[in-house]
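Here's the structure, in structure tokens; my notes come after.
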Amino acid sequence: MVFSAPIFLFGFLPLVLLVYYVSPSAWKNGVLLIASLVFYAWGEVFYVAVMIVSIVSNFVVGRLIFQAQEVNRGTTAKTALAVGIAINIGLLVSFKYANFITDNINTVLSLLNVSPIDLQPIHLPLGISFFTFQALSYLADVYRKEARAQFNILDLALYISLFPQLIAGPIVRYHDLAPQITDRTHSIHLFSSGVQRFIIGLTKKMLIANPLGEVADIVFAMPGNDLTMPLAWIGVLAYSFQIYFDFSGYSDMAIGLGRMLGFRFLENFNYPYIAKSLREFWRRWHISLSSWFRDYVYIALGGSRVSTLRVYSNLLVVFLLTGIWHGASWNFVVWGLFHGVFLASEHMGFSRVLERTWKPLQHLYVAFVIVFAWVFFRTDTLGQAVDFLTVMTNTAHWNTSTLQYAQVISNSFVVTFVLALIFSMPVYPWIKRHLSQACAGSNLRTVSLIHIPKIVFLTTLLMLSILKVASSTYNPFIYFRF
């Protein structure tokens, strides 16, 4: 079930909100837990068992860590933590990476004329990367004494399975969410802001990401002989905006749903395409993932407090793991290392060169790195990625027929692309800030210039998005496969 599916918008969500708000306070967490398990089981009935294994094992290990620390048995606590990490990573590897590992082992075995390992394709449970990282956050927070171990298994189950951010994040830290599970407040203002945020996210998804995604799919599916340099650039730029508006739109909807239910999730995107360096990009893109790796991996490896060479190796390790986290493919490995190399170069001193460079060139540098990296992210094999990049950079592939352009570009695509370009920049906060300044001290101007136009604007966006939901059969969520 996806947030933009009719069954979710017109069935599941209204029913959950109704039952949740008519239930007594003591029952609300139970309602959310049942709703979350139903949400996950909608297309993944069998794999609910995987989530239950994760919940039970992390509950037991968290208790063991807490109890060992209570009697000052640091070694026992460390051992329990290691066991908990092994269980979580073991589940992730078994379902997400087993086929990839086996395929690579078989490649080596074939060179040695040894019979290959026969492993049937293993289905990837939805959102396993996200809820596994949340479970690891729980164990790490308990071990670091940043949060108490959970003694109510249902509350821990709710943390791991909470449906607004279950499938595609943002990754919520246990120490951030634990107080809200046991004690959160609800208000009309918070619910209203949640509805507004959900509408913005749905709009990003349906009116910008999906139309651009259709164009990207056409271009990336073109045979090598038909693909030309302009079409390749159109395709990868369309994909660059698709993945941003798709994933940030999902995060907006998740944050909005959280607010409707009394939760306050941290932001996950902050206009990453305006970054002037790769370091800044990763402070703005998928913030919950980059901060998770920073706090639980990079710092654990020594962070920036070690020798210069170790700092560079730590960065490469973190971004190698970031690439692997996204998928079981050499493309994701290369994508992660690609980012890691540029980040290491900025740490080596290139950032000082950037700071003295004309700002438009800083943005251009980041744009080229990001766009080239997205080719590895979007294609299925390294060979396809290399072929696509070759066409992108070879002016000999420039000639494009009018028919080819007509297959890809339409008036609606041009409008959507321009809107994507504009709203990938902080235009909305700028307008909001200047309107607030213009209306300062005047309730009448606030109502006429802010509140009424905002209601009309959001209502229009909602209606257009619903029409798109009802009429479109193209509705992928890119991060579902992660």
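Pairing each residue of the stretch 382-411 that is within 26 Å of Ala328 (Cβ to Cβ) with any residue that is open to solvent by 80 Å² or more (accessible area, probe 1.4 Å), provided the two are 6+ apart or on different chains, yields C-beta distances under 9 Å for Leu382/Trp330.
Among the residues of the stretch 173-195, those that are β-branched (Val, Ile, Thr) and within 14 Å of Arg259 (Cα to Cα) comprise Ile181, Thr185, Ile188, Val195.
Considering only the stretch 355-371, I want to know if a residue exists there that is within 22 Å of Ala275 (Cα to Cα), assigned to a helix (DSSP H, G or I) and of a type in the set (Ser, Thr, Tyr). Yes, the stretch 355-371 contains at least one residue that is within 22 Å of Ala275 (Cα to Cα), assigned to a helix (DSSP H, G or I) and of a type in the set (Ser, Thr, Tyr). Within the stretch 365-384, the residues that satisfy the criterion of being out of contact with any Lys or Arg (no Cβ under 8 Å at 6 or more places or on another chain), surrounded by 13 or more Cβ atoms within 10 Å (Cβ to Cβ) and not aromatic (Phe, Trp, Tyr) are Ala367, Val369, Ile370, Val371, Ala373, Val375, Arg378, Thr379, Leu382, Gln384.
Checking each residue in the stretch 268-288 for being touching a Phe, Trp or Tyr at 6+ places or on another chain (Cβ under 6 Å) and outside any helix (DSSP H, G or I) picks out only Ala275.
Consider the stretch 441-480 and keep the residues that are within 25 Å of Ala216 (Cα to Cα) and of a type in the set (Ser, Thr, Tyr). The one that is modelled with the lowest pLDDT is Tyr479. Residue count for the stretch 412-445, restricted to those that are under 19 Å from Arg197 (Cα atoms), in contact (Cβ under 8 Å) with a residue 40 or more places away in the chain and loosely packed, with under 15 Cβ neighbours inside 10 Å: 2.
Name the residues in the stretch 38-49 that are part of a helix (DSSP H, G or I) and either acidic (Asp, Glu) or surrounded by fewer than 19 Cβ atoms within 10 Å (Cβ to Cβ) (or both), would you? The answer is Val38, Ala41, Trp42, Gly43, Glu44, Val48, Ala49.
On the stretch given as the stretch 88-121, residues that are touching a residue at least 12 places away in the same chain (Cβ under 8 Å), of a type outside the set (Ser, Thr, Tyr) and open to solvent by less than 60 Å² (accessible area, probe 1.4 Å) total 8. Among residues of the stretch 138-151 that are closer than 12 Å to Glu70 by Cβ and modelled with pLDDT of 90 or more, those with a Cβ under 7 angstrom from a residue that is of a type outside the set (D, E, K, R) and outside any helix (DSSP H, G or I), sequence gap 6+ or separate chain, pair up as Val142/Ala149.
To keep it simple, each residue is scored yes or no on (1) more than 30 Å from Lys28 (Cα to Cα); (2) modelled with pLDDT of 95 or more; (3) surrounded by fewer than 20 Cβ atoms within 10 Å (Cβ to Cβ).
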position: Leu266; (1), (2), (3): no, no, yes
position: Ser304; (1), (2), (3): yes, no, yes
position: Ser307; (1), (2), (3): yes, no, yes
position: Asn314; (1), (2), (3): yes, no, no
position: Val318; (1), (2), (3): yes, no, no
position: Val334; (1), (2), (3): yes, yes, yes
position: Leu343; (1), (2), (3): yes, no, no
position: Glu346; (1), (2), (3): yes, no, yes
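The values are calculated or read from the model by the stated rules, or taken from the named source; none is laboratory data. None of these values were measured; they are calculated from a predicted model. Using ideal geometry, Cβ is built from the backbone for each residue, glycine included, and neighbour counts are taken over all protein chains shown. Just the protein is used for accessible areas: all its heavy atoms, side chains included, with ligands, DNA and RNA removed. Shrake-Rupley method; radii C 1.70, N 1.55, O 1.52, S 1.80 Å.
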